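Some notes on the structure that comes next.
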Amino acid sequence: MTTAELALYVHWPFCKAKCPYCDFNSHVRRAIDQERWRRALLAELEHWGARLGPRRLVSVFFGGGTPSLMAPETVAAVLARACALWPPENDLEVTLEANPTSVERGRFAAYRAAGVNRVSIGVQALDDAALRALGREHSRAEACAALEVALATFPRVSFDLIYARPGQTVAQWEAELNEALAIGTGHLSLYQLTLEPGTRFFAQAQAGLLVLPEEEVQAELFERTQELTAAAGLPAYEISNHARVGEECRHNLVYWRYGEYVGIGPGAHGRVLVDGQRLATSTLRVPERWLAQVERCGHGIEAAEALVPREQAIEALMMGLRLREGVPIARLEALAKGALDRIIDGRALRRARDAGLVEARDDRLVATPAGRERLDALLRALLR
């Protein structure tokens, strides 16, 4: 029998500052005991190694927070332990998220030596005024310098940009995106700015102090993004992610294809198969609480809930329709235990197909570009 594939997510929860748009589990601390945190991450990793048993490790992703504030020795130790627990694929993808400040840029060589072969850099904008408005601690010059070093250090490089910013015009975004495409990375993550409850931007918007572009402008920004990236050879393979063929983020594809992944660190989530049940796992979000529980119990798990067939099918549909390739209908049927017609409204599906929002193609359910642009509303209509 072929050993099942597994992806590993490692959450580093610390940042130098909290960005006003960010609702991720990130925290600012004056001092961090790197050795203590290393021991805790390794302990939680050992817990999952014992619980899951044999797997083939296909990807490792260090996310955050700001993982480029993590000691390179910790990255190396986690990778070594993970590969000892689960034999890795020969082309194991190891991604680390980084910010482009000079301090973090100076660690790139050490991360490469530790085993990182893909870096994802949080540039967010190629404009100094926009970077200040987004609360970023780097400049445009630092971002460009970091990308230059990254391209010379790592086999694969991606970076993030945020668009649909307050006051941003289509022409301004076109110029910025063309500049980004000219840098020459094989992958770009391009996110529309959203206002998440609990963030500073959300509070400012509620008070009328921050206004996003009109919906029509946002739609035009999205459509131009698809056109320009496709013309440059980096078409969208997911709603917000664009890549040359073969440069897609394999780790994130595990999520979107509803594969098996384990999460360690504060606030990390997972979907793992244990004794024939698919568990939705989560760990304690507050770093100090997570750390104390790991040192006491060997793990920081807060919840591990068995998902019923309906929940699994819905999750697979929600994730799969984000992808240009869509989701196999047979997979949905298998997860739903033959009850897919009680999950997806057939009449709503026909209306969505007639409206050009979804297609049934090669035994897959596929959201069209128009459907992916309106995915939240599409899912609300389809699900019973």
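Being in contact (Cβ under 8 Å) with a residue 24 or more places away in the chain and either farther than 21 Å from residue 320 by Cα or over 20 Å from the mean Cα position of the chain (by Cα) (or both) narrows it down to one of 276, 259, 270, 265, so name that one.
265
Output the residue which, of all residues in region 28-49 that are surrounded by fewer than 19 Cβ atoms within 10 Å (Cβ to Cβ) and either among the acidic types (Asp, Glu) or touching a Pro at 6+ places or on another chain (Cβ under 7 Å) (or both), is nearest to residue 287 (Cα to Cα).
Checking each candidate, the answer is 33.
From 302, 295, which residue is at pLDDT 95 or above, in a helix (DSSP H, G or I) and either under 24 Å from residue 24 (Cα atoms) or out of contact with any Leu (no Cβ under 6 Å at 6 or more places or on another chain) (or both)?
When all the criteria are applied, what remains is 295.
In region 1-27, which residues are touching a strand residue (DSSP E or B) at 6+ places or on another chain (Cβ under 7 Å) and surrounded by fewer than 14 Cβ atoms within 10 Å (Cβ to Cβ)?
3
Given 306, 381, which one is touching a Lys or Arg at 6+ places or on another chain (Cβ under 8 Å) and either touching a residue at least 60 places away in the same chain (Cβ under 8 Å) or surrounded by fewer than 14 Cβ atoms within 10 Å (Cβ to Cβ) (or both)?
Values: 381 fails: either touching a residue at least 60 places away in the same chain (Cβ under 8 Å) or surrounded by fewer than 14 Cβ atoms within 10 Å (Cβ to Cβ) (or both).
Within the list 306, 381, the selection yields 306.
Across region 158-200, what is the number of residues that are out of contact with any strand residue (DSSP E or B) (no Cβ under 6 Å at 6 or more places or on another chain), buried (at least 19 other Cβ atoms within 10 Å of the Cβ) and without any contact (Cβ under 8 Å) to a residue 40 or more places away in the chain?
0
Could you please tell me which pairs satisfy a Cβ distance under 8 Å, a separation of 6+ or placement on different chains, a first residue in region 324-335 that is in contact (Cβ under 8 Å) with a residue 60 or more places away in the chain, and a second residue that is buried (at least 16 other Cβ atoms within 10 Å of the Cβ) and among the acidic types (Asp, Glu)?
324/238
Please go through region 341-372 and pick out each residue that is part of a helix (DSSP H, G or I) and surrounded by fewer than 19 Cβ atoms within 10 Å (Cβ to Cβ). Spell out the reasoning first.
Residues of region 341-372 part of a helix (DSSP H, G or I): 341-342, 346-354, 369-372.
Within region 341-372, 341, 342, 346, 347, 348, 349, 350, 351, 353, 354, 369, 370 meet the criteria.
Yes/no matrix, rows are residues, columns are (1) out of contact with any His (no Cβ under 7 Å at 6 or more places or on another chain); (2) of a type outside the set (Asp, Glu); (3) within 30 Å of residue 172 (Cα to Cα); (4) surrounded by 16 or more Cβ atoms within 10 Å (Cβ to Cβ):
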position: 228; (1), (2), (3), (4): yes, yes, yes, yes
position: 243; (1), (2), (3), (4): no, yes, yes, yes
position: 260; (1), (2), (3), (4): yes, no, no, yes
position: 283; (1), (2), (3), (4): yes, yes, no, yes
position: 291; (1), (2), (3), (4): yes, yes, no, yes
position: 300; (1), (2), (3), (4): yes, yes, no, yes
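Inspect region 119-132 for any residue being in a loop (DSSP other than H, G, I, E, B), under 21 Å from residue 11 (Cβ atoms), more than 17 Å from the chain's Cα centre (by Cα) and assigned by TED's automatic domain parsing to the domain that holds residue 38 and give the result as yes or no. Working first, answer last.
Our first condition is that a residue be in a loop (DSSP other than H, G, I, E, B); within region 119-132, this holds for 125-127.
Subsequent filtering for residues that are under 21 Å from residue 11 (Cβ atoms) retains none.
No, that holds for no residue.
Considering region 245-273 alone, what residues qualify as being among the charged types (D, E, K, R) and either assigned to a strand (DSSP E or B) or touching a helix residue (DSSP H, G or I) at 6+ places or on another chain (Cβ under 6 Å) (or both)?
Matches in region 245-273: 271 only.
Yes or no: region 224-244 includes at least one residue that is in a loop (DSSP other than H, G, I, E, B), modelled with pLDDT of 95 or more, among the hydroxyl-bearing types (Ser, Thr, Tyr) and assigned by TED's automatic domain parsing to the domain that holds residue 158.
Yes, some residue in region 224-244 is in a loop (DSSP other than H, G, I, E, B), modelled with pLDDT of 95 or more, among the hydroxyl-bearing types (Ser, Thr, Tyr) and assigned by TED's automatic domain parsing to the domain that holds residue 158.
Which residue out of 180, 207, 219 is at pLDDT 95 or above and not basic (Lys, Arg)?
Matching residue, one of 180, 207, 219: 180.
The values are calculated or read from the model by the stated rules, or taken from the named source; none is laboratory data. Just so it is clear, the structure is predicted and the values come from calculations on it, not from any experiment. All Cβ positions, glycine included, derive from the backbone under ideal geometry; neighbour counts span all protein chains shown.
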